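To keep things clear, I will list the structure first and then write my remarks on it.
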Amino acid sequence: MGTEKPKADLLPGTLDMMVLKILTRGHLHGYAIAQLIQQLSDDLLRVEEGSLYPALQRLELNGWIEGEWGLSANNRRARFYALTPDGRKHLNAEATRYRQVTGAVARIMGFV
Amino acid sequence: MRLGTSWKRFRLRLRYLARHSERQRLLWEEMDFHIESMVQDLVAQGTPEPDARAAARRKFGNMTQKSEEARLTWIARWMNDLAQDLRHAFRGMRRAAGFTTFVILIAGLGIGASSTIFSVVNALLLRPLPFHDPDGLVWIANQEWSTQVGVFLYLREHNKSFSDMAGYAGYGVGDSALTGTGDPERLTSVPVTQNFFPLLGVQPLIGRSFTAEECRGNSSTPPAALLSYGFWQRQFAADPAVVGRKLMLNGKPVMTIGVLPASFDFTSVFDPGTPVDAFIPWPLTDETNSHGNTMKSIGRLRPGATAQSAQAEFTLLAKQIWRDHSEWNGIQPKLNPLKRHVSGRASPALMVLACAVGVVMLIVCANLSNLQLARLGARQKEMAMRTALGAGRLRLLRQMLTESVALSCCGAALGLLLAVAGTRAIAHLTAFNIPLLASVRLDADALGFTLLAAVLTGVLFGLLPALQVPSFAVGETLKDGSRGSSGGQGRAWVRNALVVSEVAFACTLLVGAGLLMRSFVRVLDVNLGFQPERAAVLRVDPSFPFKSRQQQNSYFDEMLRRTRALAGIRAAGLTDVLPLGGDRAWQVSGKGQIYPKDRHPESFVRVVSDGYFESIGIRLKAGRVFTQRDRASSEPVAIVNETLARTLWPGQDALGQVLTQDGGRRVVGVVADVRHEALEKAGDSEMYLPMRQTFDYPAVQLVVRTALAPDRLAAAVRAALRPIDPNLPVSEFKTLQDLVDRAVSPRRFLVLLLAGFAGFALLLASLGIYAVISYAVSQRVQEIGIRMALGASATDLQSRILLRTLGLAALGLALGMAASRALTGTLESLLFGVTPGDPVTFLGIGALLIVVAALAGYFPARRASRIDPMVALRAS
């Protein structure tokens, strides 16, 4: 209870990590984050909106990102998120861990 | 770092929870923006707007569900459930207002009593003393008494356990006369060593502590004084300008050098019940050394040293003193951590009170459990319905527990009010001879304790009924129509067990309280050796020094003559020390007797005038009492008490013997022993010297035996004495009964509280019995109706129900008596004149409980016998 896994069949924590990574680019709102993930993965990864917002809540609750209300490009009120120093640290730790895990998986699968 | 992060996280979470509904709205707005952006993108790609909107919504899924999911990340589900349970609980409370009031009242009384007692225990036993690093402070006693200045200095110089030693000298209530600021007044001033305040880590609120220079003179003419906070407030209206001014103490100018902070309460730590007004320097000189055993000492341990190691060292040092300084009194050192010295005597009584209040809480819980069970019977359908609608066993259990905890928390709110009142009342018992009582207050610890007590009480009294809930068979109950089921044998058993335990607990409490109450009565019945009734005392130290014995003698003659001439005075006499007062003792021996130094008899010294024995009511056993003719010019005489006579001249007549005191004093009388230390302790050796034959008395107290109320007498006596000493300081008559009351006050405190608890326990137990029997009767209305229809007589029914009641009570009583017998042994140190197995107490309490149980069962029984069979049968 309380923690949720991304619906996409990814390694646990991957969505959070990706959101954090995306936010290293600057202040972005939820829609932009979803769009960016989709674009950067060449449409391979589509973020379920139903997963994105709980993930954003979770990250904010942990103090890794900070949300702030602002105006979007088309002048609508939107919530923009920014990475906190804690979040940056967490991102680095997660990235290292992820690299290790995927490396291990790759070795098992004989990809390398 | 880690801690900081988790704290930040906690705060974030808290903020999320606190602003829940606003966040909800914002989350919707945020998602709305997302959908809107999606629609715009789709429209830009060429989809017609309505289709785009529908697609976006579809893609986004059910918005409510999403928001629910998002919400679940920060509100754990149990919070929701809790809120729901609480809503149920409060709705239920409103519905059953009578039940709720009763539960809150009982839980409130119990929790209030617990919190109050906890506050007392906290102040006396748990909280550190209000000094700097109090754990390093050690009380250094000479057995139980005082130490000579020379011995103190020797110990201070030669020991390695303490970084420093300080002390204060013995003092009497009203030792100093303050003149020159309004009416002359008597002050109680404590002589302290120069380092006394620095050693305790006490900084004066205003001004400074004593200098070495100020601690060098003669002890009878202090050059400087520090005021206690209370005295400064009372006498000088907290005027800071008083520091630096000179006060006239005992006719000599004394510089006020400072005021001590309110937090330094000498009285409540060192001498409970005796308010102190000022502190004066106590010089450590040959002059003070010659006063004999005067000092109470405190040491501050060096790092690494303990009270035990210091004790070992001091035992060795004491041997050296015996060997090298035979001119001194010597010391039998007894070292204790200061905290233990201060509150040690009160701790057995406090433990008893703490246990008693614990037992009261258990009875409260048993009682409430029983009520909750009875109420559950009425709520069977509700519970069955909930189960049928899918509430799990755990969910129901939790709901029940939430209800009971909510109830007990409401009770705790009431209890807190009671505890505030209770602690206030206790903190103001200034006449009580119990240490640290003034510092009793409801602090954060007590609040925490109250919360804990509330939750524990709720869980304890809710658990048993909660566990019973799933035993209701759903189908059965729902089908059960209107027929009031008797709830099954299982639950009747639980309820009976609860009542039996209540009676047993109440029984132990009553026996304990009974034993202590009987002890108290015994203490009050003790032959004091004097008669406090109708005797009153006024301090009348002359305001000027006597130049000669002749002047002194005629002053006393005149004082006594004028006092005795007043209407309503039956006898009047003077003394320096009252019974239960001072502990000045000298070594004594009969002429020609030689004792080894460490086994030399000692005797308390009382300097008295003619008329003293008559006015205080001490009986003469042989010879004569002092008369006006025992004066400076006549033969030196003395009177001894029976113990001293037996000690010095065993098997012989003490009359006519000569004491070596003052070059030889002839014993002219033998008087009865007086309880001079405590009412519980038999008298020790006492020696009386005629006041007109000595200058060596620390105070002059006028004791009168009168038919009038002492406060009406005071003005008349003062008026009568004014001509011989116009500056005689004003003070009030105290009755000797006050003195006795103060001496028994700790015992009275214990007995009053314990009797209160026991009474409450008895009330609860009887209510418990009443509730259970009433419930049983109401559940069996039909059965009773049938029995009556079949010809059972009303008396028959009544006696059946009464027997059942008495059966329960007897079982509880048997258990309680057995437990009491096993436990009362621990009370032994607090008992006086009764044995822990005192048959009178046990039988009396047994009879009391049976009578109360019979009464509690009688009312439901009478109701049962008045049931109309027709009505009862038709009701179904």
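The values are calculated or read from the model by the stated rules, or taken from the named source; none is laboratory data. Since we're looking at a predicted model, the values are computed, not measured. Here the Cβ positions follow ideal geometry from the backbone for every residue, glycine too, while neighbour counts run over all protein chains shown.
Scan the helices (runs of 4 or more DSSP H) fully inside segment B:167-281 and keep the ones with 3 or more residues being more than 26 Å from B:GLY299 (Cα to Cα).
B:229-236
Does at least one position in segment B:562-582 carry a residue that is on the phi < 0 side of the Ramachandran plot, of a type in the set (Ser, Thr, Tyr) and modelled with pLDDT under 90?
No, there is no match, as no residue in segment B:562-582 is on the phi < 0 side of the Ramachandran plot, of a type in the set (Ser, Thr, Tyr) and modelled with pLDDT under 90.
Test B:HIS291 against the stated conditions and say whether it is in contact (Cβ under 8 Å) with a residue 24 or more places away in the chain, outside the structural domain of B:ILE426 (by TED's automatic domain parsing) and in a loop (DSSP other than H, G, I, E, B).
yes
Within segment B:88-98, identify whether any single residue is more than 30 Å from B:GLY759 (Cα to Cα), facing chain A (nearest Cβ under 9 Å) and at pLDDT below 80, and answer yes or no.
Looking through segment B:88-98, none of the residues is more than 30 Å from B:GLY759 (Cα to Cα), facing chain A (nearest Cβ under 9 Å) and at pLDDT below 80.
Looking at this structure, is B:GLY592 over 27 Å from B:VAL526 (Cβ atoms) and free of Cβ contacts under 8 Å to residues at least 60 places away in the same chain?
Yes, satisfied.
From B:VAL120, B:VAL173, grab the single residue that is hydrophobic (A, V, I, L, M, F, W, C) and either at pLDDT 90 or above or within 30 Å of B:LEU417 (Cα to Cα) (or both).
B:VAL120
Can you name every residue in segment B:370-400 that is closer than 25 Å to B:ALA765 by Cβ and either surrounded by fewer than 18 Cβ atoms within 10 Å (Cβ to Cβ) or at pLDDT 80 or above (or both)?
Within segment B:370-400, B:ASN370, B:LEU371, B:GLN372, B:LEU373, B:ARG375, B:ALA378, B:MET400 qualify.
Residues of segment B:544-561 being at pLDDT 85 or above and not polar (S, T, N, Q), which ones?
Selection gives B:ARG549, B:TYR555, B:PHE556, B:ASP557, B:GLU558, B:MET559, B:LEU560, B:ARG561.
Residue-wise test of (1) among the small types (Gly, Ala, Ser); (2) touching a helix residue (DSSP H, G or I) at 6+ places or on another chain (Cβ under 7 Å); (3) touching a residue at least 60 places away in the same chain (Cβ under 8 Å).
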position	(1), (2), (3)
B:LEU763	no, no, no
B:ILE773	no, yes, yes
B:GLY785	yes, yes, yes
B:ALA789	yes, yes, yes
B:ASP796	no, no, no
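Can you report the number of residues in segment A:67-78 which are part of a strand (DSSP E or B) and either within 10 Å of chain B (Cβ to nearest Cβ) or among the aromatic types (Phe, Trp, Tyr) (or both)?
Counting residues in segment A:67-78 that are part of a strand (DSSP E or B) and either within 10 Å of chain B (Cβ to nearest Cβ) or among the aromatic types (Phe, Trp, Tyr) (or both) gives 4.
Is there a residue in segment B:307-318 that is assigned to a loop (DSSP other than H, G, I, E, B) and touching a residue at least 12 places away in the same chain (Cβ under 8 Å)?
No, that holds for no residue.
Take B:VAL704 and decide whether it is β-branched (Val, Ile, Thr), in contact with a Phe, Trp or Tyr (Cβ under 7 Å, 6 or more places away or on another chain), at pLDDT 85 or above and surrounded by 21 or more Cβ atoms within 10 Å (Cβ to Cβ).
no
Tell me yes or no: at least one residue of segment B:574-590 is among the hydroxyl-bearing types (Ser, Thr, Tyr), crowded, with 16+ Cβ neighbours inside 10 Å, within 16 Å of B:ASP662 (Cα to Cα) and in contact with a strand residue (DSSP E or B) (Cβ under 6 Å, 6 or more places away or on another chain).
No, because not a single residue in segment B:574-590 is among the hydroxyl-bearing types (Ser, Thr, Tyr), crowded, with 16+ Cβ neighbours inside 10 Å, within 16 Å of B:ASP662 (Cα to Cα) and in contact with a strand residue (DSSP E or B) (Cβ under 6 Å, 6 or more places away or on another chain).
Pick from segment B:26-46 the residues that are surrounded by fewer than 16 Cβ atoms within 10 Å (Cβ to Cβ) and within 60 Å of the chain's Cα centre (by Cα): which of them is farthest from the other protein chains (Cβ to nearest Cβ)?
Here the residue is B:TRP28.
Looking at segment A:79-88, which of its residues are without any contact (Cβ under 8 Å) to a residue 12 or more places away in the chain and either surrounded by 13 or more Cβ atoms within 10 Å (Cβ to Cβ) or facing chain B (nearest Cβ under 9 Å) (or both)?
Of everything in segment A:79-88, nothing turns out to be without any contact (Cβ under 8 Å) to a residue 12 or more places away in the chain and either surrounded by 13 or more Cβ atoms within 10 Å (Cβ to Cβ) or facing chain B (nearest Cβ under 9 Å) (or both).
Just the residues that are within 14 Å of another protein chain (Cβ to nearest Cβ), surrounded by fewer than 18 Cβ atoms within 10 Å (Cβ to Cβ) and of a type in the set (A, V, I, L, M, F, W, C), please, taken from segment A:19-65.
Once the filter is applied, which keeps residues that are within 14 Å of another protein chain (Cβ to nearest Cβ), surrounded by fewer than 18 Cβ atoms within 10 Å (Cβ to Cβ) and of a type in the set (A, V, I, L, M, F, W, C), segment A:19-65 yields only A:LEU61.
Of the residues in segment B:689-700, how many are in contact with an Asp or Glu (Cβ under 7 Å, 6 or more places away or on another chain) and either of a type outside the set (Ser, Thr, Tyr) or more than 19 Å from B:VAL637 (Cα to Cα) (or both)?
Total satisfying the criteria: 6.
So which of B:VAL605, B:VAL523, B:VAL500 is closer than 30 Å to B:ALA177 by Cβ and not small (Gly, Ala, Ser)?
The match here is B:VAL605.
Restricting attention to segment A:73-112, which residues are under 14 Å from A:GLY26 (Cα atoms) and not charged (D, E, K, R)?
A:PHE80, A:TYR81, A:ALA82, A:LEU83, A:THR84, A:PRO85, A:GLY87
For segment B:667-703, give me each residue that is part of a strand (DSSP E or B) and not aromatic (Phe, Trp, Tyr).
Result: B:VAL667, B:VAL668, B:GLY669, B:VAL670, B:VAL671, B:GLU686, B:MET687, B:LEU689, B:PRO690, B:GLN701, B:LEU702, B:VAL703.
Can you find, within segment B:711-764, the residue that is modelled with the lowest pLDDT among those that are closer than 25 Å to B:CYS355 by Cα and among the β-branched types (Val, Ile, Thr)?
B:VAL744
When B:PRO303 is evaluated against the numbered criteria (1) surrounded by fewer than 20 Cβ atoms within 10 Å (Cβ to Cβ); (2) of a type outside the set (A, V, I, L, M, F, W, C); (3) assigned to a loop (DSSP other than H, G, I, E, B); (4) touching a residue at least 60 places away in the same chain (Cβ under 8 Å), which criterion, by number, is the only one it fails?
Result: B:PRO303 fails condition (4) only.
So how many residues does segment B:735-771 have that are surrounded by fewer than 20 Cβ atoms within 10 Å (Cβ to Cβ) and among the basic types (Lys, Arg)?
2
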